[in-house]
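**Q** Submitted below is the structure of interest, expressed as structure tokens.
The values are calculated or read from the model by the stated rules, or taken from the named source; none is laboratory data. Keep in mind that what you see is a predicted model, and the values were worked out from it rather than measured. FYI the Cβ positions are ideal-geometry reconstructions off the backbone, even for glycines, and counts take in every protein chain you see.
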């Protein structure tokens, strides 16, 4: 049968009513099985021999013969045929309204065993008719009355074998039970008999079959105790088993007897029927439509922007079952949840209704009585148990009745704003603009932790002490007597912290320009550097009239360390106490003290000076030619230029961070590049010259400009290292240009001179490792690198026989790798000396500094602020390991692996604990290095949230710790990244610093996102996971502990799902041929059967685990959640038992792949690449039917209650697997599981 057949037939009939036609068509398209009854529109003239047989609920019941009869599927001819002259029952409803009638039809369809053939209508009275299978019960009003049970005495009795006489004899006058089956044909009857005989759980002997001679009903003859038990367990009205035997409660009969109201909206009425159909217990609440006039004593409890909640008395009260019938509990207190404008979005309203339960045993929910509607506003109302009012009132402000902005701390934003507005009249600054500014700041309050910005009278300050004075302000410390306002969540009110230490920033002459003052305050508040200091408000010194910014006390504590004493603003570079604005002001003031005598050149130099950004930037100058001594020509670059060496008498300006001022380095060796231009056109000459200067300023270190007074040639003054470009070449213009560019960047005496180094200059070359596209060697550089001897000779010399590291790259991205190393300003990455080339392989080589332990110690340990860290010695294994990790850097986007001092971490909080480690979240103050593509340098992401994985008992560094750190460094977007390692100074345990996964593991993430976790997103996640596993396997490794707890989401939101799924817990990841067989570790349902049996852990075992992840993604349930994870489960897994899956939840091809992944034979499991290839072929359209099923059943999703011994954290499993061999025949078990 196909839906197409029914659709084609839709045009051949009509009821004359569109709603009834649509209903019948919808029911026909729901056909799922060959024996399903096909509901039809049956013309009234199809019935004959119509006879009245009784009345139920004011509806008359008739027997009749349906001439054509119902459709039935013929197996032999594989087509639908009709069974003519079929006896039927007609329930004649006194209803002519189609909507009301369809409600009744749906109610009948919800009753078990109620078989309806279709709908008809009397053409004379227009009354609608429900057509039932013959045998309508006049007691319960239910169609298809199929069974009656009688007790009887069998005169002859059953045959019994007598052992003594060795013959069969009858047991006369035997009490038996007769089970009459009405309205059933021979084939259906024999099917039921066979099913009964096959049922081994039956406690009743079956003696045989019979038939009533008058009614022709077939009979099953059973042991007499069947009738005895039947009378206890079966409803006397409908002869079906009681839904609740203990209370003798029959759901079909009792729900059919309910007399309930319905609303005027069809969708609402359908919901009421749906909710009533879920009654499964005599104590369940009966969901109803409740007229609004049923409620008295209505009182507001609380509200928010979406709803308002009232308490009320329901006059009639809810229905309850007293053991015999339904009664009402009058004057019941209830909660009314009124949703604003819900009438405009019925579907959203219904979804909110479905979140509540009518089941009294559901402890997680407040039960729902029904729904109503406000006749004035038309807003729909959810009626809940009265305890909802108690719960809701806890979330609402007792002053305004609105829901707290912060429920945990009982903070109400609107009440606080109201309080502040009322308080406006109690203070004034005496200036309207300032008053308006403060009021505006107060009304911006958005959080209970926000500082309340205030006008603070100056007489509130005691013990005012001067801390420092600058050009625009003086800084004071003081005590604020009353202190700032803060929200006291114990008292639920604003209160003050008296005698608070504060800082006062007094702005000179600020009273003269209020707009400028407010702009300064706004700038101060918006400057992210000042976010560390709370700003309490504004005051005014009554003596000087100067306005004062009132700040947290740590502002003045930091003032001397981090703030410029001239302008009182934060240093541009705190470490070197350098203030960019002050230096620029100093340079501007100096403009009048020099000139090149050419306006254009003067403007150019001034512009260059104002571009200063860093304390160590060279200050570009006009340098009089008479400042140069010992001028010697050293070469010609072109016919238009010559290069000279010289000594600059006064020398260049540099910033002395001890004296915090600019000073000069006298007698500086420099290079002069003289440019010959035609001076006939002076204007054109100057333009050409300045254009040439501009080509160097981006990359080279230039001290300034001069002019030869004899030739009038303009001169560019370079650092001394500029001459290096004349001494070498490697035959590749791109690399030559790159090296020259780097040499021209030399700015300080201690800068490294980047060089081309002939390969023949290296000796003792030894391979020490491989990483991706590179090989690593140690070597001796015979000549050694250049360095500036600033103590003795004051010139560049070489350190011979220098130990170096050679990184040989087999990639076209060679220069990009070099740039990645060179971009590190903080020298966290190894120092680069230059480039070479292997003459045999033609591979280019990066020449790196070979760090010694003491250098690493100084680099990391001496950067620490606290004294105790000086005593912490870093293990030599760690030093070697960090160097190995840094040698893996190949691209700008690679993470720089570091040693991170423990005092860098703030806000440390435990977030998880496993078998070997505890995990914490923390804020890394400096944050990790990343490459800023705009600035072309490595910079830090400050205050980065990270995860700290602390391995217990790891004082002595071991291979397991270093192995896990190494595996996290696999270059993959699908594996959690590692930033570095640290050590807890108290416990001495080592720590891995990892990416923080805000969304948590898969188990946690899915609970918050299951509604939107559709099949499109499921496949994205599955694809990310298999790609991560594939990358592990391609490196000839296995994960070894693969389950949903080790799959993390970097973000909580589902919108970031496609790029931010990560595999974690690489602790057991290792080489394929180097896995410990003795300890079986993991989550039992995810561990492959061969591993449980003690076999070697292979990549195929990871694939088995992936199959279980597929099950979790499809069902959103953990495998084997309903049973204990013990030796019996381990045995079942080894015998091939797998979790069951509803085939409507996942497509056939998905289930087939999942089954292959968890095949008992590991050799039959696909590899990660094959799985990835198969998943990449899947399209969204392939999942349309399962997605529709998921959406339709979304509201039914219950919180799964796991078996108390179902454990989904990794642990040692050997206690549960050690006896597995006892349960196996050794020969066949080896056949079943192939290594």
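**Q** I'd like to know if region 294-304 contains one or more residues that are assigned by TED's automatic domain parsing to the domain that holds residue 383, under 30 Å from residue 407 (Cβ atoms) and buried (at least 20 other Cβ atoms within 10 Å of the Cβ).
**A** yes
**Q** If we keep just the residues of region 437-451 that are in contact with a helix residue (DSSP H, G or I) (Cβ under 7 Å, 6 or more places away or on another chain) and buried (at least 19 other Cβ atoms within 10 Å of the Cβ), which is farthest from residue 499 (Cα to Cα)?
**A** Ranking the candidates gives 437 first.
**Q** Still on this structure, please answer the following. Tell me which of these residue 34 doesn't satisfy, since it passes every other one: (1) surrounded by fewer than 18 Cβ atoms within 10 Å (Cβ to Cβ); (2) under 14 Å from residue 127 (Cα atoms); (3) within 58 Å of the chain's Cα centre (by Cα).
**A** If we test residue 34 against (1) surrounded by fewer than 18 Cβ atoms within 10 Å (Cβ to Cβ); (2) under 14 Å from residue 127 (Cα atoms); (3) within 58 Å of the chain's Cα centre (by Cα), just (2) comes out false.
**Q** Among residues belonging to region 553-564 that are under 29 Å from residue 429 (Cα atoms) and not in a helix (DSSP H, G or I), point out the one that is modelled with the highest pLDDT.
**A** Only one residue fits best here, namely 553.
**Q** Right, another one. Does residue 420 count as in contact with a helix residue (DSSP H, G or I) (Cβ under 9 Å, 6 or more places away or on another chain) and either in a strand (DSSP E or B) or within 30 Å of residue 582 (Cα to Cα) (or both)?
**A** no
**Q** Follow-up question, since we're still on this one. Can you tell me how many residues in region 423-436 are in a loop (DSSP other than H, G, I, E, B) and surrounded by 12 or more Cβ atoms within 10 Å (Cβ to Cβ)?
**A** 4
**Q** Name the helices (runs of 4 or more DSSP H) wholly inside region 1079-1190 in which the number of residues that are closer than 24 Å to residue 1041 by Cβ and free of Cβ contacts under 8 Å to residues at least 40 places away in the same chain is 2 or more.
**A** In region 1079-1190, 1127-1134 are the helices (runs of 4 or more DSSP H) which contain 2 or more residues that are closer than 24 Å to residue 1041 by Cβ and free of Cβ contacts under 8 Å to residues at least 40 places away in the same chain.
**Q** Go through region 389-417 and give me each residue that's surrounded by 17 or more Cβ atoms within 10 Å (Cβ to Cβ) and outside any strand (DSSP E or B).
**A** 389, 392, 397, 404, 405, 410, 412, 413, 415, 416
**Q** Same structure, new question: Somewhere in region 1087-1100, is a residue modelled with pLDDT under 90, farther than 13 Å from residue 1038 by Cβ and under 31 Å from the mean Cα position of the chain (by Cα)?
**A** There is no residue in region 1087-1100 that is modelled with pLDDT under 90, farther than 13 Å from residue 1038 by Cβ and under 31 Å from the mean Cα position of the chain (by Cα).
**Q** Return only the number of the condition from (1) modelled with pLDDT of 85 or more; (2) farther than 28 Å from residue 685 by Cα; (3) under 60 Å from the mean Cα position of the chain (by Cα) that residue 652 does not satisfy.
**A** Here residue 652 meets the rest and fails (2).
**Q** I want to confirm something. Restricting to region 94-142 and keeping residues that are in a loop (DSSP other than H, G, I, E, B) and at pLDDT 85 or above, which single residue is surrounded by the fewest Cβ atoms within 10 Å (Cβ to Cβ)?
**A** Result: 124.
**Q** Now for a different question. Do we have residue 706 as touching a strand residue (DSSP E or B) at 6+ places or on another chain (Cβ under 9 Å) and at pLDDT below 90 here?
**A** no
**Q** When the residues of region 976-991 are filtered to those that are assigned to a loop (DSSP other than H, G, I, E, B) and in contact with a strand residue (DSSP E or B) (Cβ under 7 Å, 6 or more places away or on another chain), which remaining residue is modelled with the highest pLDDT?
**A** Out of the qualifying residues, it is 984.
**Q** Now for a different question. Can you pull out every residue in region 259-290 that is in contact with a helix residue (DSSP H, G or I) (Cβ under 7 Å, 6 or more places away or on another chain) and modelled with pLDDT under 75?
**A** Scanning region 259-290 gives 262, 263.
**Q** From the residues in region 305-315 that are touching a strand residue (DSSP E or B) at 6+ places or on another chain (Cβ under 7 Å) and part of a loop (DSSP other than H, G, I, E, B), which one is surrounded by the fewest Cβ atoms within 10 Å (Cβ to Cβ)?
**A** 306
**Q** Still on this model: Report those strands (runs of 3 or more DSSP E) wholly inside region 156-234 carrying at least 2 residues which are touching a helix residue (DSSP H, G or I) at 6+ places or on another chain (Cβ under 9 Å).
**A** Correct list: 174-181, 206-211, 218-223.
**Q** Right, something else. Somewhere in region 322-332, is a residue touching a helix residue (DSSP H, G or I) at 6+ places or on another chain (Cβ under 9 Å) and surrounded by 14 or more Cβ atoms within 10 Å (Cβ to Cβ)?
**A** yes
**Q** Consider residue 36 carefully, then state whether it is without any contact (Cβ under 8 Å) to a residue 24 or more places away in the chain, touching a helix residue (DSSP H, G or I) at 6+ places or on another chain (Cβ under 7 Å) and not in a helix (DSSP H, G or I).
**A** Judged against the criteria, residue 36 is not a match.
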